Amino acid sequence: MRRRSPAPGARRYGPFGKLLGGAVALGLAASGGALASPAAAAPAAPALKIAPGSEIVSAGATGFLSVDPKNTLRWTRYADGTTTEVGQDSGQHTQDIAHGAASDVVAVGDNTTISASRKITLRDMASGSSTLVDLGAYGYMYEGAVGPWVIAVKNLEGRQEAHVLGLVDGKLTDREIAGLPEKTRKFTAVAGTPGSALVRFTSGISDHSPYKSNDYAVIDLAAAKVSDNGGLMTDDWAGAALSPTHMASLGSLYEGNRRVTLAVSKRGPQRQPWSKEQSGVYSNMVGLVGNWVLHGNKNKASEGYSAWSSALRANFTGGSFAMERKVLDHATSTTPTPEGDLLVMGGSVDQGEGLYRVSPGADGAPVTKLVASTGEPTRITLLKSAVPAVADLDRGRWEPRWQLSRLNAHVTLTLRHTASGKERAIDWFRNVREPGPQWLNMEWDGLLDSDGEPTAAPNGDYTWKLTAEPDNEIGPAMNAEGKFTVRRKAAPHDYTDNGSPDVLFRDSAGNLSLQDTYHDSRNTPHLKGTWSKSAGWGWNIYDKVVAVGNVAGASAGDVVARDSAGVLWLYLGKGDGTFDGRLKIGAGWNAYDELTGGSDLNGDGRTDLLARDRSGVLWLYEGTGNWRAPFAPRKKVGAGWDIYDNITAVGDVAGASAGDLVARDRDGVLWLFLGKGDGTLDGRVKIGAGWGGYRQMIGIGDANGDGRADLLVTTPDDSSYVYHGTGSWRAPFAPRELTGIRTPSYETIV
């Protein structure tokens, strides 16, 4: 049962134990019950630490309250950075006064959602004292706290009754707030400053208006009465702020109105309200610093919102909103301090992520200072990298990795071959919105771009450059660069030192041209050829031109050519698709009607040349690796080879330790001869019939990067197919695949 309090305008409950439960009384100043505040300690330098993903909840003179991503509330002292865990809050209250405002006093409930709490503990983080306020016994609903004052409501029929509870002369008082409309409903405490609270409510008057909105009032907490009628009107979604001199709101003016308005009013009877419609606003974050109102959307740097919509901005309230400046590059939560400053959780491209204090500068305009850092950059930053120094493309793709501070970005990796200048720019559009470091993983297929088409990357030195342009334009592009080397073993049919087989064409006019091959993993993964380029003229003086692989010890493939007089000449590959001047090997080579090269039959790592004489005997010329004498004296392999109309050295297609040979008989049956590794061949194994329809067969080398040699064949209709080696002598070739390499009948493949 209520009793009249001796204090004018105040009511008390008795016995007091029902409301004040076994706690030390809060220290009160003599002036109206306001909490005495110790002298503010200057923020420590360098900045304090705050957990990444935290939000600011409230701030006092000696420290601040934050909530981390796990909903833990922590108080951090300015003086030394000491943190104290004070409770849990699953509601993440960061834009109201649920846990107090502008004071060292923190309100903690008996429920992880404080609005559902019935017992509120007021903890003075400066003195260590605390007060327990039991609202449940009297049917009160908690609305918020400012310093030592608790604001609560009682639901009555058709209206709400708002109360202020707090200690006066060491005794807990409960007073109904005077000056509110009789039919107050939807009462919410939204902002606070020392000694005052801003509340929002509806009254019966607004029920009759088609434009339903909320009114605002400033409450003098020590007197428990309305001190200012506010002059603001908004919908329920709006955010609000209160300072010793101003009040502000950001939201729609009435229910159903989609336009967002920023409104500011001076406190007191001479208030001058100003308002400005805000486009691009979808959040209700608003705060006050001196004569400036701060506002912005609650955007993280890792999200995709634009830099303009993410920035925390300030407008001058002195009669015009035309003066506007950016305060931070982005912000997610704010709270006022007892001194009239604003603490903001956000980020600056220059100083990174953390908690900032916004204060009036020398000219009154807002200036920022980093109070506590998360240790995270706001701009996209390279944190770690794992870039292999060597790209061994014989073993698979090159797989570098980079860890960036965030990955909502357009990323471009540019690879450049130092010697030739050929490049490949690989673009990613990443929409990774998760906060925190992100790994960027890459697999390079070994292709560059040349004249608008893919080409296999040459061996040698490379540079890489990684550029990450933030898709929200918060901060500049991140650039990082480095070097690496591409390395492959010499390939028997490679004349451009890039690991991929090349196909040589000789036409009747004597032009020798080259097509590099590649597998374009970006499109259809079949073998394709680049545009032909000339490797030289005058080749029509030869009746035989044969690719023999690397017989002279360099890194590129070589060719031999026999003239009409039977002299055999060596052309050393230069590694750039051209050949050096010819070198005479010797005469008498017109004794042979078939020449084929490119297989290592003796297992010494060098390719060899096979020649069939006109009596059907097959001879082996082992490669020496010496350009002056590229072949050792011949060795007899065997007789009876005149039954075959095509003999092709194909390399290792069957998985043994040496190169192999295939031969087609005059009935179109193809036979496999396995190399034994000592310069001899095993007995033949039948591959299959139907091979008589091919014009030419070339041991092209490893065309698909699987480590096994392959066979290229051409047809009378100018098409070509590739048979990939399987590594099995029982079935040495997979089913044929059509290639993108055109083979005109007037040209001979080498």
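Listed values, structure above:
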item	result
Computed accessible area, L132, all protein chains, 1.4 angstrom probe, square angstrom	50 Å²
Proximal lysines to K574, defined as alpha-carbon separation beneath 16 angstrom and excluding residues fewer than eight positions away on the same chain	K489, K533
Global geometry of region 136-271, whether rounded, prolate or oblate, following the gyration tensor of its Cα atoms and the 1.5 cut on a/c	oblate
Rg and Dmax [Cα atoms of the chain; Å; Rg one decimal, Dmax integer]	41.8, 133
Long-range HN-HN contacts of K49 with modeled amide H, under 5 Å	S373
Charge tally in the Cβ shell below 9 Å around R313, where Lys, Arg are +1 and Asp, Glu are -1, R313 excluded	+1
11 Å beta-carbon shell around I647, net charge (K/R +1, D/E -1)	-3
Distance in nm between pseudo-label sites at D363 and K119 (7 Å out along the Cβ direction from Cα)	5.5 nm
Cα-based shape type of region 606-750, given that a ≥ b ≥ c are square roots of the gyration tensor eigenvalues and the cut on a/c is 1.5	rounded
Cα gyration tensor category, rounded, prolate or oblate, for region 708-747 with a/c compared to 1.5	prolate
Cross-link reach list, lysines versus K49, counting only Cα pairs under 25 Å and skipping chain neighbours closer than eight places	K70, K298, K300, K326, K369, K384
Relative packing of 701-712, 628-639, which averages over residues the other C-beta atoms within 10 Å, highest first	701-712, 628-639
Accessible surface of the chain, 1.4 Å probe, proportion on carbon and sulfur as whole %	49 percent
Set of aspartates and glutamates near K635 by C-alpha distance (under 19 Å), chain-local residues within fewer than 8 positions excluded	D593, E594, D600, D604, D608, D613, E622, D660, D678, D682
Antiparallel %, DSSP beta bridges [both residues in the chain], to 5	95 percent
Two-decimal Rg to Rh for region 260-299 - Kirkwood Rh, Cα set	1.01
Taking the convex hull of Cα positions in region 673-732, its mean projected area over all directions (nm²)	4.8 nm²
Low-density loop positions, chymotrypsin sites (Phe, Trp or Tyr not before Pro), region 153-239 - DSSP coil, at most 16 other Cβ in 10 Å	Y211, W237
Solvent-accessible area per residue, Å², over the chain with all protein chains present [probe radius 1.4 Å]	41 Å²
q = 0.15 Å⁻¹, region 375-499: log10 I(q)/I(0) [Debye, one scatterer per Cα]	-0.70
Cβ-defined net charge surrounding S196, 9 Å radius [Lys, Arg +1; Asp, Glu -1]	-1
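The values are calculated or read from the model by the stated rules, or taken from the named source; none is laboratory data. Note that the coordinates shown come from a computational prediction; the quantities given were computed from them, not determined experimentally. Note that we place each Cβ from the backbone using ideal geometry, even for glycine, and neighbour counts take in every protein chain shown. Heads up: the accessible areas ignore ligands, DNA and RNA and are worked out on the full protein's heavy atoms, side chains in. Shrake-Rupley method; radii C 1.70, N 1.55, O 1.52, S 1.80 Å.
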